[in-house]
Amino acid sequence: MMEWYYILGIISYGIFIVQFLLSNFFGWGDLDLDIDFDGEPDIGLGDILSFKGLVHFAMGFSGWLMLAGKVTLTTLAIASVIGFAFIVILYYAYRLCLKFNSEPQIKSGESLVGKEVAISVQISEREYSGNCITDSGYIPLDRCRLSKPVNHTIKCGDILHIDSYKSGIYFIS
């Protein structure tokens with residue numbers, strides 16, 4: 001007959017593995033956690049005292065009892081401490097992972113100075129619309145003005161550099 005803590009361990013580790021696979025490999029995401037726009041994960045006491053917290057506690061608790069191989073008051077006390085440690089450690093691990101999982105922030109203004117712009121439309125003699133080329137893709141720019149006169153005609157698709165940014169206008173050359 002299998003000891004009860006082995007059954008608890010099999011169930012808790014099984015739930016953890018299934019949840020890990022669903023959230024990381026099958027795109028289900030972490031459905032019970034929210035992320036604010038500031039990039040800080042929204043995890044509170046309710047997330048620690050939740051089903052996920054119970055699973056983490058059961059993992060640590062049953063894991064220690066499986067290693068100890070017997071149930072005494074001492075092993076139950078140690079298993080309880082380890083179970084709570086699992087809750088705290090995995091809480092901070094989830095929090096750290098959520099920070100890395102946040103959406104990239106869209107750059108604008110001064111942060112684009114020095115980047116390249118692919119010209120798409122000429123608005124006036126010295127003003128253009130274009131797309132800034134960044135590591136994460138293209139950012140549309142409505143107002144790009146030549147910072148100095150050029151000796152050639154600028155046409156659609158030309159690549160220029162952003163020299164500065166003032167009052168909503170990107171100055172390019």
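The values are calculated or read from the model by the stated rules, or taken from the named source; none is laboratory data. A quick note: this is a predicted structure, and the numbers were derived from the prediction, not measured. Cβ atoms come from the backbone with ideal geometry, glycine included; neighbour counts cover every protein chain shown. Just so you know, the surface numbers come from the protein's heavy atoms only, side chains and all, with ligands and any DNA or RNA stripped out. Shrake-Rupley method; radii C 1.70, N 1.55, O 1.52, S 1.80 Å.
Annotations for the structure displayed:
- Relative packing of 114-120, 131-137, which averages over residues the other C-beta atoms within 10 Å, highest first: 114-120, 131-137
- Using the Cβ of Ile154 as centre and a radius below 13 Å, the other residues enclosed give a net charge of +1, where K and R count +1 and D and E count -1.
- For the stretch 59-173, the relative contact order works out to 20 percent when only alpha carbon pairs closer than 8 Å and six or more residues apart are counted.
- Surface calculation, 1.4 Å probe, protein heavy atoms: Ser147 sits at approximately 50 Å² accessible.
- Over the C-alpha trace of the stretch 91-173, radius of gyration and Dmax come out as 16.4, 61 angstrom.
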